[in-house]
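Reading through the structure tokens given below for one structure.
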There are 2 protein chains.
Amino acid sequence: MSTASTDTTSAPGPLFDRVAIIGIGLIGSSLARALAEYGIARQVVCADRSAEACAKALELGIVAEASTDPATALAGADLVILSTPVGSYAAVAEAIGPLLKRGTIVTDVGSVKQAALRDIGPHLPDGVHLIPGHPVAGTEHSGPEAGFATLFQGRWCILTPPTGSDRHALERVTELWRRVGSTVEIMEASHHDRVLAITSHLPHLIAYTIVGTASDLEEDTKSEVIKFSAGGFRDFTRIAASDPVMWRDVFLNNREAVLEILQRFTEDLTALQRAIRWGEGQQLQDHFTKTRAVRRGIIDAKQA
Amino acid sequence: MSTASTDTTSAPGPLFDRVAIIGIGLIGSSLARALAEYGIARQVVCADRSAEACAKALELGIVAEASTDPATALAGADLVILSTPVGSYAAVAEAIGPLLKRGTIVTDVGSVKQAALRDIGPHLPDGVHLIPGHPVAGTEHSGPEAGFATLFQGRWCILTPPTGSDRHALERVTELWRRVGSTVEIMEASHHDRVLAITSHLPHLIAYTIVGTASDLEEDTKSEVIKFSAGGFRDFTRIAASDPVMWRDVFLNNREAVLEILQRFTEDLTALQRAIRWGEGQQLQDHFTKTRAVRRGIIDAKQA
């Protein structure tokens, strides 16, 4: 068996013997590539309910085994990574829970963390360690062919271990994310869901909305919308091209935080709308000047 | 004197003798560079009410002369380009109108075109040709040092000549934009303002709003908003870092079209909000699937 280590001196050994990735989409397949390429796992296998995705993963050579039956992938795995849409967690956890051996670590990569604790936790037997995680990284593309090993480099990974988590399991998952190039932050699941509601979930909802509004305009104008999209619109379309099922599940599973931040947004938008209607130029200029500073902060934080 | 030509065979001669650029910001300075580098004008001079901007433009070597007095720049110019915020057009046109010699062409680069016709037109003497224009290009940076000659390459430039415009003047302005690398589209000013309200003005308003909402959160969460901005938020901050005065003037001068499209957006957002609140997953998924297709259209149109 491998020995877990947080030692990052040259050529550290594998952290895990066999990693089972459930769901081989953008994030799952990026992790599969990174775990193999950086020598973090001796073997990476996957399960996916889509036989086509399994075949593609094998064809790409990014997993040693692929199966539509999670039981096959789980056999002998010391780390299981859920990378399916958040809405599937309860069903997946219920199916795999009884098959997990004592000492196995279970983690996930979902964008909502209270739901991960709520839906996965109750299905895991004693001695199996749940360390939920969320790599703040991604692209608008989906599927096993969209992944790449460097996706997580220079990005944050947030872990939300429940109270009383196994320290050693937390260290191993932390080390995994460090080795794929991320900086790890540990926080409460509820705090994560509130912060990500503003930094990620609301921006996606807004982008999906505005692109929908544009596409509802009559056929003639629609082609002009695409033609002249360089004026700002195209930045929204990239975000609004993200995986529909993944995002459906994010909104359904972080409902309270999203609705609360959406309410603040609507109030602020209404205030700007009123300033436009009444010609209050100074208010508009003051607001736009303030938002410039936020951009500077992001550039300084090297997240631009 | 140069002769105007729409001939695009190798090494065409200059289209203009002396071009006066009023306002040497991002767009003005990009044009100054392009007009000189591509041999479109024999001489490029500028006026800017900021002495600092004038000094910077001279220091950068992108204009032959720079003055805070428009009259100096206009002397002998056969093309005048307004690249100041749209809200300044009436005052600038009133100041320069009496100084313009017969046959001069006046154009602009503003994002609102009905206002350009309304505010510039009445101040121009007979025999001076107004051909309003809008290059659909830009970055979030401002000032003469932010410009670059290739900004307009592969982008659209929309011209909105008023009824009865001089055909020869329109041809020369069209040719100018072609030579800096743009594709020219001619349309009615009112149609331009409606299309750009959705492709550019609303996206900017939304981005300004969401970045403001985030920055209003308490100090602690604000730094986390910046930290985890890679989840979608950072794309909005880039747009919301655009020039505050320019955008104030866009919203004040395209009020009706912006408010109308904003109303549609708010209705659509409310519908999605309701779907989240009531857990209507299929409606969310259908919406998100539809918006993906719009992105594909933009990629196909090579505007991504």
Going through the range A:201-211 in order, the residues found to be open to solvent by less than 10 Å² (accessible area, probe 1.4 Å), in contact (Cβ under 8 Å) with a residue 24 or more places away in the chain and within 7 Å of chain B (Cβ to nearest Cβ) are A:LEU202, A:PRO203, A:LEU205, A:ILE206, A:TYR208, A:ILE210, A:VAL211
Considering every residue within the range A:215-236, establish whether at least one is of a type in the set (A, V, I, L, M, F, W, C), more than 7 Å from every other protein chain (Cβ to nearest Cβ), touching a strand residue (DSSP E or B) at 6+ places or on another chain (Cβ under 9 Å) and not in a helix (DSSP H, G or I).
no
Go through (1) within 13 Å of chain B (Cβ to nearest Cβ); (2) out of contact with any Pro (no Cβ under 9 Å at 6 or more places or on another chain); (3) modelled with pLDDT of 95 or more; (4) open to solvent by less than 30 Å² (accessible area, probe 1.4 Å) one by one and return the number of the condition A:ASP119 breaks.
(1)
Strands (runs of 3 or more DSSP E) within the range B:39-88 that include 2 or more residues closer than 19 Å to B:ILE131 by Cβ and of a type outside the set (Asp, Glu):
B:41-47, B:79-82
Taking the range B:274-285 and keeping only residues that are open to solvent by less than 70 Å² (accessible area, probe 1.4 Å) and under 22 Å from A:GLU140 (Cα atoms), one is left with B:ILE276, B:GLY281, B:LEU284, B:GLN285
Can you spot a residue in the range A:241-257 that is under 24 Å from B:THR199 (Cα atoms), free of Cβ contacts under 8 Å to residues at least 12 places away in the same chain, among the aliphatic types (A, V, I, L, M) and open to solvent by less than 20 Å² (accessible area, probe 1.4 Å)?
no
Members of the range B:67-90 that are of a type outside the set (S, T, N, Q), open to solvent by 30 Å² or more (accessible area, probe 1.4 Å) and touching a residue at least 40 places away in the same chain (Cβ under 8 Å):
B:PRO70, B:GLY76, B:PRO85, B:GLY87
Let me spell it out: the conditions are (1) facing another protein chain (nearest Cβ under 8 Å); (2) closer than 27 Å to A:GLU280 by Cβ; (3) part of a helix (DSSP H, G or I), and B:ALA241 meets all of them except one. Which number is the exception?
(3)
Suppose the filter is closer than 30 Å to A:ILE120 by Cβ, of a type in the set (Phe, Trp, Tyr) and either under 24 Å from the mean Cα position of the chain (by Cα) or surrounded by fewer than 18 Cβ atoms within 10 Å (Cβ to Cβ) (or both); does A:PHE265 pass it?
no
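Out of all the residues in the range B:286-301, which are facing chain A (nearest Cβ under 7 Å) and either small (Gly, Ala, Ser) or buried (at least 18 other Cβ atoms within 10 Å of the Cβ) (or both)?
Passing the criteria: B:HIS287, B:PHE288, B:THR291, B:ARG292, B:VAL294, B:ARG295, B:GLY297, B:ILE298, B:ALA301.
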If you check every pair at least six apart or on different chains, which have Cβ atoms under 6 Å apart with a residue in the range B:275-301 that is outside any helix (DSSP H, G or I) first and a residue that is crowded, with 16+ Cβ neighbours inside 10 Å and modelled with pLDDT of 85 or more second?
B:GLY279/A:LEU252
Could you tell me whether B:ALA47 is crowded, with 24+ Cβ neighbours inside 10 Å, in the same structural domain as B:ASP108 (by TED's automatic domain parsing) and in contact with a Phe, Trp or Tyr (Cβ under 8 Å, 6 or more places away or on another chain)?
no
Suppose we filter the range A:134-192 for residues that are among the β-branched types (Val, Ile, Thr), within 14 Å of chain B (Cβ to nearest Cβ) and touching a Pro at 6+ places or on another chain (Cβ under 9 Å); how many remain?
3
For A:GLY23, are the conditions met, namely being within 19 Å of A:TRP177 (Cβ to Cβ), touching a residue at least 12 places away in the same chain (Cβ under 8 Å) and either β-branched (Val, Ile, Thr) or surrounded by fewer than 21 Cβ atoms within 10 Å (Cβ to Cβ) (or both)?
no
Looking at A:LEU269, is it at the interface with chain B (Cβ under 7 Å from one of its Cβ atoms) and either under 27 Å from A:HIS141 (Cβ atoms) or outside any helix (DSSP H, G or I) (or both)?
no
Residues of the range A:227-266 being of a type in the set (Asp, Glu), at pLDDT 95 or above and more than 21 Å from B:VAL211 (Cα to Cα), which ones?
A:ASP249
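Could you please let me know if A:GLY97 is open to solvent by less than 30 Å² (accessible area, probe 1.4 Å), without any contact (Cβ under 8 Å) to a residue 40 or more places away in the chain and of a type outside the set (S, T, N, Q)?
Judged against the criteria, A:GLY97 is a match.
The values are calculated or read from the model by the stated rules, or taken from the named source; none is laboratory data. Note that the coordinates shown come from a computational prediction; the quantities given were computed from them, not determined experimentally. All Cβ positions, even for glycine, are placed from backbone atoms using ideal geometry, and neighbour counts span all protein chains on display. Keep in mind that these areas ignore ligands, DNA and RNA; they rest on the heavy atoms of the full protein, side chains included. Shrake-Rupley method; radii C 1.70, N 1.55, O 1.52, S 1.80 Å.
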